[in-house]
Structures are given as structure tokens and as C-alpha cells.
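The values are calculated or read from the model by the stated rules, or taken from the named source; none is laboratory data. Here the structure is a predicted model, which means the values were calculated and not measured. Counting neighbours? That spans all protein chains shown, and the Cβs are built from the backbone with ideal geometry, glycine included.
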Amino acid sequence: MIIDMNKKQEQMTMKIEGRLDTTTSPQLEKALEDNLTGISHLILDFTALEFISSAGLRILLATHNAMGKKNGSMVVIGSNEEVRGVFNITGLLDILNIE
């Protein structure tokens, strides 16, 4: 998995490429922990994300909750059909802001 980060003042865009699964989710979790201080708007760009597992979904929910606690926002953009299908089946389309 490759994570490309772009920070502009209080907004951060993280482009995730590859697979977000049990093996790679700690990498994303660490990147989020290390870079969310002072961020009020987080954009997760999944245009190049091929697959997401339950481990990745857990991180998304935890990050969504963390951003909400500090009155911030999180949006997921660019999900392919497979990833969007996982969001739909798990009910995350109703919880997360997914465009």
C-alpha cells in the first residue's frame, strides 16, 4: 500500500493506493495518528484503492469517530465498485460521508 499525503492548513488529503487489509492497515493507522493533529477536514482518496478488508473498515470508523469528537469532518472519495460494494454491504454508506 502507498499513502500519499497532502496537507494544506487544516485540511489533509490522503491518497491510498493498493490494498487496505490486515497487513497494511497498521501503516494507515500510524499515518493517521502521526498527521491528524491540527486537521479539521480529512479527505481519503480511494481512487487507486483496490481492496478493503474489515481491518481497513475498523480504521475508517475509528477515524470518523475521532474527527467527529474534535468537530472535524472526514470524506471518502473515488471508491471503485468493489470497495463501494463493501461499504454498502456493511452499512457504512449510511455512516460515513462517501462521495
Given (1) more than 12 Å from the chain's Cα centre (by Cα); (2) over 17 Å from Ile95 (Cα atoms), number of the condition Gly72 does not satisfy | (2)
Within segment 6-29, of all residues that are charged (D, E, K, R) and within 17 Å of Met74 (Cα to Cα), the one surrounded by the fewest Cβ atoms within 10 Å (Cβ to Cβ) is Lys8
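Name the residues in segment 73-85 that are touching a residue at least 12 places away in the same chain (Cβ under 8 Å), surrounded by fewer than 18 Cβ atoms within 10 Å (Cβ to Cβ) and not basic (Lys, Arg), would you?
Taking segment 73-85 first, the residues touching a residue at least 12 places away in the same chain (Cβ under 8 Å) are 73-80, 82-84.
Those still in the list that are surrounded by fewer than 18 Cβ atoms within 10 Å (Cβ to Cβ) too: 73, 75, 77-78, 80, 82, 84.
Correct list: Ser73, Val75, Ile77, Gly78, Asn80, Glu82.
Could you list all residues from segment 56-69 that are surrounded by 12 or more Cβ atoms within 10 Å (Cβ to Cβ), out of contact with any Asp or Glu (no Cβ under 6 Å at 6 or more places or on another chain) and either modelled with pLDDT under 95 or not charged (D, E, K, R) (or both)?
Pass one, segment 56-69, residues surrounded by 12 or more Cβ atoms within 10 Å (Cβ to Cβ): 56-64, 66-67.
Now drop any that are not out of contact with any Asp or Glu (no Cβ under 6 Å at 6 or more places or on another chain), which leaves 56-58, 60-64, 66-67.
Listed by number, the residues that qualify are Gly56, Leu57, Leu60, Leu61, Ala62, Thr63, His64, Ala66, Met67.
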